[in-house]
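**Q** Quick one: the structure is below, and I'll ask about it shortly.
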Amino acid sequence: MGHTAPAATPMAFIRAMVVAYEKYGADPTEALQRARIAPHSLHRTGARITAEQMETFSEAAMRQLDDEALGWFARRLPWGSYGMLCRASLSSPDLGVALKRWCRHHRLLVDDVLLTLRVTGQRADLTIEECRPSDPRLREFCLLTLLRYVHGFACWAVDSRIPLLGASFAHPPPVHHAAYALMFPGPVHFNAAATGISFDAEYLTLPLRRDEAALRTMLRRALPLTVLQYRRDRLLVQRVRELLSAHQTADTLAQALNMSVRTLHRQLKEEGTSLQALKDQVRRDVAIQLLTRTTRSVKQIALAVAFRSEKSFTRAFRQWTGASPVEYRRKLSPRGVA
């Protein structure tokens, strides 16, 4: 028996697209039939559909209405508009430049909203400013879909999952607010001052890994990017190493990375390493730094890098470097401290 995808997408999103049909005086019956959605279920409280049904109906609506924005804005965005945004950003040297281009070119298409990328310290914020009132029946779906478009493109462009530090929405929590945890893993806030997503700014330095051929392939089924999450995180190893400097456990690490301990171990394995290997690397690096830049005793350094005894630390250090701590310090320390 085949696996059936769970129905987790709120029917409210289909209702919003039906409003777009009403706006253009068109009939959604054909698109509903294609997506296997019964008209009488549209207004059923708590109704859900599958990601495949969402994709099927969305594409049919965009093509039939020739509006990829589905009535959100004062002007249509003809079929291919968001593909053009992807293509215009594809030649960027890194993700930061690509997203800045995306925001700038989006302004050329519409002036109803303004997308902005800001970097503050280690945090990147991509926000949406609403420049004119929109149909309240379309507002929520517009805002969350715009964010998912940008986030989906960013993940695809660098071929990496980009974990979110948080997502904020300038509207009250909808009745289906529980579904936001699936669409925006990480803290979600409603009634916020502005709508946007936040993530580690280090991802902006990643080079783009896609070309024109990959873009053409992606655009044939671009909508799943707004539904599916990338499993690989190209900065996961680096982020784990940084967090390990505080001697965090697997539980606290996974919590800080917004994933389960099992997922953390699996993704590290996919990257060709393990949590224990990264712990050892961090302990080795800290030990070497303390040996060569301070006058602390070997016993003090052993305790500083979480070894219970000088003997066990010396044994591990020899495995890491081929030399004992005393030998290593004598050879490499600029002061020659024994």
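The values are calculated or read from the model by the stated rules, or taken from the named source; none is laboratory data. Computed from a predicted model, the values in this text were never measured in an experiment. With ideal geometry, Cβ positions are generated from the backbone for all residues, glycine too; neighbour counts draw on all protein chains shown. SASA here: full protein model, heavy atoms, side chains in, ligands and nucleic acids out. Shrake-Rupley method; radii C 1.70, N 1.55, O 1.52, S 1.80 Å.
**Q** Which of Ala304, Ala74, Ala60 moves most in a GNM of the chain, Cα contacts under 10 Å?
**A** Evaluated over the chain, the most mobile residue of the options is Ala304.
**Q** A follow-up question, please. Taking only Cα atoms and a 10 Å spring cutoff, compute GNM fluctuations for the chain and point out the largest among Ile128, Ile197, Ile301.
**A** Ile301
**Q** Compute the acute angle (0 to 90°) between the alpha-carbon long axis of helix 12-23 and the principal axis of greatest extent of the alpha-carbon atoms of the chain; round to the nearest 10°.
**A** 40
**Q** Still on this structure: Farthest toward the dipole's positive end in region 51-156, which of Ser81, Leu143, His105, given Cβ charges of +1 (Lys, Arg) and -1 (Asp, Glu) about the Cα centre?
**A** Value computed over the given set: His105.
**Q** Continuing with the same structure: Between Ala98, Ala250, Ala124, where does the largest GNM mean-square fluctuation fall for the chain, given springs only between Cα atoms within less than 10 Å?
**A** In the Gaussian network model the winner is Ala250.
**Q** Is there a quick way to get the dipole size of the chain? I mean about its Cα centre, with the Cβ of Lys and Arg at +1 and of Asp and Glu at -1; what is the value in debye to the nearest 20?
**A** Numbers: 48 positive and 31 negative charges, 366 e Å.
With Lys and Arg at +1 and Asp and Glu at -1, about 1760 debye.
**Q** Count charges around Met11 for me, please; just the other residues with Cβ under 10 Å from its Cβ, Lys/Arg as +1, Asp/Glu as -1.
**A** Here the count lands on +3.
**Q** Now for a different question. How high is the relative contact order of the chain, in percent, with contacts defined as C-alpha pairs under 8 Å that are six or more residues apart? Walk me through the numbers before you get to the answer.
**A** Details: 447 pairs, mean separation 41.6, N = 338.
For the chain, the relative contact order is 12 percent.
**Q** Output ³J(HN,Hα) for region 75-88: one whole-Hz value per residue in order, computed from phi by the Karplus curve 6.51 cos²θ - 1.76 cosθ + 1.60 with θ = phi - 60°, and x for Gly and Pro.
**A** 10, 5, 10, x, 3, x, 5, 6, x, 5, 4, 4, 5, 5
**Q** If a/c stays under 1.5 just call it rounded; otherwise compare a/b with b/c (prolate if a/b is bigger, oblate if not). Do that for region 74-209, with a ≥ b ≥ c from the square roots of the Cα gyration tensor eigenvalues.
**A** Numbers: a/c = 1.74, a/b = 1.17, b/c = 1.49.
Judged from the Cα gyration tensor, region 74-209 comes out oblate (a/c at least 1.5, b/c at or above a/b).
**Q** Read through the labelled values (1) 20.0; (2) 22.9; (3) 21.3 and report the label of the one computed as Kirkwood radius over Cα pairs in Å from the structure.
**A** (2)
**Q** Still on this structure, please answer the following. Computing the accessible area with a 1.4 Å probe over protein heavy atoms, can you report the carbon and sulfur percentage for the chain?
**A** Values: 8970 of 17220 Å².
Summing carbon and sulfur atoms, their accessible area is 52 percent of the total for the chain.
**Q** So what is the accessible area of region 1-120 per residue, in Å², with the probe set to 1.4 Å? Mind showing how you got there, number by number?
**A** Working: 5960 Å² over 120 residues.
With all protein chains present, region 1-120 gives 50 Å² per residue.
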